[in-house]
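Take a look at the structure set out below.
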Protein chains: 2
Amino acid sequence: VNDHVPAGGAAPADRSETPGLFEQEIREQPACLERLVRQGRAGTLEVAERLRAFGPCFVVIVARGSSDNVARYAQYLFGIRHGLTVALATPSVQTRYGASPSLGGALVVGVSQSGRSPDLLAVIEEGRRQGALTLAVTNDSQSALAQAAELRLPLLAGEERAVAATKTYANQLLAFAMLSAALQGDEEAWGHLGALPEAVAAAIAENTSPALPEYLQETPRLAVLGRGYNFSTAFEVALKVKETSYVMAEPYSFADFLHGPVAMVDPSLPLVVIAPSGRTDEDADAAVELAHRLQAPLAVVSDRAGLLAEADCPLPLPKAVPEWLSPIVAVVPGQLLGLALAESRGLDPDQPRGLSKVTRTL
Amino acid sequence: VNDHVPAGGAAPADRSETPGLFEQEIREQPACLERLVRQGRAGTLEVAERLRAFGPCFVVIVARGSSDNVARYAQYLFGIRHGLTVALATPSVQTRYGASPSLGGALVVGVSQSGRSPDLLAVIEEGRRQGALTLAVTNDSQSALAQAAELRLPLLAGEERAVAATKTYANQLLAFAMLSAALQGDEEAWGHLGALPEAVAAAIAENTSPALPEYLQETPRLAVLGRGYNFSTAFEVALKVKETSYVMAEPYSFADFLHGPVAMVDPSLPLVVIAPSGRTDEDADAAVELAHRLQAPLAVVSDRAGLLAEADCPLPLPKAVPEWLSPIVAVVPGQLLGLALAESRGLDPDQPRGLSKVTRTL
């Protein structure tokens, strides 16, 4: 069931021990992506066909944790490339208040590594009862969630053993990106999808054991900023950092940050700016300028050399990934940052306090 | 233009100076609520009539900052009491990527104190172009947002001068609650709405200058937990704390917190549990149990004496507010907590760094 470490993955620098599960699975991502893009295309085309025939008037996505960050990506993907309004479900409306918001005419998607959280299942079952088109994006095709939905996009990521998700996150993003390419019937897009494993391998190689400035080794908190497609990346990088190093990393869109939280910025609050090239370049530039003006320590994830040069902690991305696919690559330095922060604090990222692989909430 | 401090508001304890704008406006809330529930009813009934005739298939709400936290309340209110799915808009889809997600058949609501942020305006204008029903909830009926929308719910809160919103937040929540009562034609609900000013005055009186345990005076971070109707309250309390004291307060739903962030909990992370009586009682109980087990310092906002007794920092709520209206009262101790945190750190909550009253984002 386990995946092999891809040949392209760089060896850990200056460490003699066998890498832990979290690091192993970060390094498995190129192979996992490659497998899904190759083996998942036919199934994705079938799902796209059903979706086109149904013609949803809006989309509801239900998810928790890392999968919810994938839902944030899908919100922009469906909005920008397919003109669909996407709502992120609020399961407690159903599970705590016993109400059933109208889902008729909607596409209802459940995203979950395990497919085993009862609150997600409840929303999918309600969608199906109301005649919505239901889709499960999960790594376990035998799970209750996968069985409850009419359509399935399997992740083909192999068993994920680390508690903090990495390779299933990458493949969930890819599953949505493939669905988008299939909906548009866009052969050029499939070419870009095929180039992702190499880009992710390059991002791993470039960001293995990043040199951590002292402020990052010691801070109890930091803010992660992103926007548009990479709003999702800001959330996922923040979550990885929290799960592995217990640093309170809070994610924001560049715009929301200016409506209040910016008041916190001073030399005691490191900022991590997620800035792959694209339509939000000027937002990222403004955030970097803000960090300099208020003397906040700054880490930057970007393929733009000029922007990286502005940072105390530059986390480089390979060039030539279209913006709509950039979250699959841009999360990698954040995963490795989480690993480095955990190690610098003497923590084992495979033993996060109070977490187990499957979380069942109602 | 300014409102008078209501007679019911308690005088600040042990302070000889005139209260600042932030504190003044916290104390104006009962009078502002009372004015809106009395003067706003007729207009709200008209909006409800138009909404019933239109029969939206889903709702999109666009907002930033505190107003976005009101949108989170409306998400539960419309979902639980009216069976409507609510999407929170992602304005950058339009303003940065030039895309126009389908809004036909939807109710599109813009929520903004000033009505002057261009990104919100863009979404309302696009909704109107597509034939959606558009509604502006704003404190300035002459603003561009109010003029762009087909329908308006004015807040009647008087000019808000403090940068950190309080009385407009309360009246925004109330405007949605009144719309809900009008949609249901529920006379008992109007009775509950009429009782809110007294409940808010009681919450102010009970939580003025709360005794702050040392851990709250010194912490650089804390987590605020809530769920369901009071997911909004967790977000707004966190935002007030950030804006006034620069403490990084991060909000979570009880359920989302268990899917990762719980790993951070230890004696260095204070938890603030928002727990008015209701359908999420068992979630709140579990959070309190978790705080005890992991020795996290604990503040509790609740009307339940048993739960308050568990907290290092009890922040009491008056009884007898129905759960769907509880966010209007439950935010008050959080506003006063923000004020107390700012004062204990020698900060002026009327001069938050880097903020001005109107934030224009695109």
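The values are calculated or read from the model by the stated rules, or taken from the named source; none is laboratory data. All figures in this text were calculated on a predicted structure; none of them were measured in a lab. When we count neighbours, we look across all protein chains shown, and the Cβ atoms used for this are built from the backbone with ideal geometry, even at glycine. Protein only, heavy atoms only, side chains kept; ligands, DNA and RNA dropped before computing areas. Shrake-Rupley method; radii C 1.70, N 1.55, O 1.52, S 1.80 Å.
Data table
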{"item": "Accessible area of chain A belonging to carbon and sulfur atoms, whole % at 1.4 Å probe", "result": "49"}
{"item": "Average silhouette area of the stretch A:224-275, convex hull of alpha-carbon atoms, in square nanometres", "result": "3.5"}
{"item": "Highest-fluctuation residue, B:Glu150, B:Glu214, B:Glu187 considered, GNM on chain B with Cα pairs under 10 Å", "result": "B:Glu214"}
{"item": "Loop trypsin sites (Lys or Arg not before Pro), the stretch A:15-100 (other Cβ atoms within 10 Å of the site Cβ: 16 or fewer; DSSP)", "result": "A:Arg15"}
{"item": "Global geometry of the stretch B:177-261, whether rounded, prolate or oblate, following the gyration tensor of its Cα atoms and the 1.5 cut on a/c", "result": "oblate"}
{"item": "Percent of Cα pairs exceeding the 12 Å cut-off, where the set is the stretch A:157-204", "result": "68"}
{"item": "Cα Rg, Dmax, the stretch B:236-362, angstrom units", "result": "15.4, 47"}
{"item": "Rg ratio (alpha-carbon, reference 2.2 N^0.38 Å) - the stretch B:122-233", "result": "1.37"}
{"item": "Most positive-pole-ward Cα, B:Ala238, A:Leu212, B:Ala136, against dipole of the protein assembly as shown from beta carbon charges", "result": "B:Ala136"}
{"item": "At q = 0.12, 0.17, 0.19, 0.22 Å⁻¹, base-10 log of I(q)/I(0) for the stretch B:294-362 (Debye sum, equal scatterers on each alpha carbon)", "result": "-0.49, -0.81, -0.89, -0.99"}
{"item": "Net charge of neighbours whose Cβ lies under 14 Å from the Cβ of A:Val332, counting Lys and Arg as +1 and Asp and Glu as -1", "result": "-4"}
{"item": "Listed residues A:Gly260, A:Gly191, A:Gly43, most fluctuating in chain A (Gaussian network, C-alpha, under 10 Å)", "result": "A:Gly260"}
{"item": "Translational diffusion coefficient (Stokes-Einstein; Kirkwood radius from C-alpha pairs) of the stretch B:82-137 at 20 °C, 1.002 mPa s, in µm²/s", "result": "184"}
{"item": "Within-12-Å neighbourhood charge of A:Val200 [Cβ basis; K, R +1; D, E -1]", "result": "-2"}
{"item": "Pseudo-label separations to other copies for B:Gly185 - Cα-to-Cβ vector, 7 Å, nm", "result": "4.9"}
{"item": "Convex hull volume of chain A per residue (C-alpha atoms, cubic angstrom)", "result": "130"}
{"item": "Selected from A:Leu36, A:Leu336, A:Leu258 as most flexible by GNM, with chain A as the system and alpha-carbon contacts under 10 Å", "result": "A:Leu258"}
{"item": "With 5 Å bins from 0: P(r) over the stretch B:66-201, alpha-carbon pairs, percent", "result": "2, 10, 18, 22, 22, 14, 8, 3, 1, 0"}
{"item": "Whole-Å distance, taken between Cα centres, linking the stretch A:249-263 and the stretch A:283-300", "result": "12"}
{"item": "Probe 1.4 Å, protein heavy atoms only - accessible area per residue of the protein assembly as shown in square angstrom", "result": "32"}
{"item": "Calculated log₁₀ intensity ratio I(q)/I(0) where the Debye formula runs over C-alpha points of the stretch B:122-171, q = 0.26 Å⁻¹", "result": "-0.92"}
{"item": "Under 15 Å, Cβ to Cβ, from B:Gln94 - net charge with Lys/Arg +1 and Asp/Glu -1", "result": "+3"}
{"item": "Taking only Cα atoms of the stretch A:28-123, radius of gyration then Dmax in Å", "result": "14.7, 43"}
{"item": "Descending semi-axes in whole angstrom, ellipsoid equivalent of the protein assembly as shown, from the Cα gyration tensor", "result": "39, 30, 23"}
{"item": "Inter-label distance for B:Leu45 and B:Leu294, nm, one decimal - labels placed 7 Å from Cα along Cα-to-Cβ", "result": "5.1"}
{"item": "In the protein assembly as shown, lysine pairs closer than 18 Å at Cα, eight or more apart or cross-chain", "result": "10"}
{"item": "Rg over Rh, two decimals, the stretch B:263-317 (C-alpha only, Kirkwood Rh)", "result": "0.95"}
{"item": "Buried solvent-accessible surface, both chains (B, A), 1.4 Å probe, Å² to nearest 100", "result": "5500"}
{"item": "Relative contact order (%) - chain A, alpha-carbon pairs under 8 angstrom, separation at least six", "result": "20"}
{"item": "Size of charge dipole - the protein assembly as shown - debye, nearest 20, with Cβ of Lys, Arg +1 and Asp, Glu -1, no other charges", "result": "1460"}
{"item": "Rotation relating A and B, chain B residue nearest the axis via C-beta, angstrom", "result": "B:Ala87, 2"}
{"item": "Kyte-Doolittle mean at least 1.0 and Cα axial length at least 24 Å: DSSP H helices in chain B", "result": "B:326-344"}
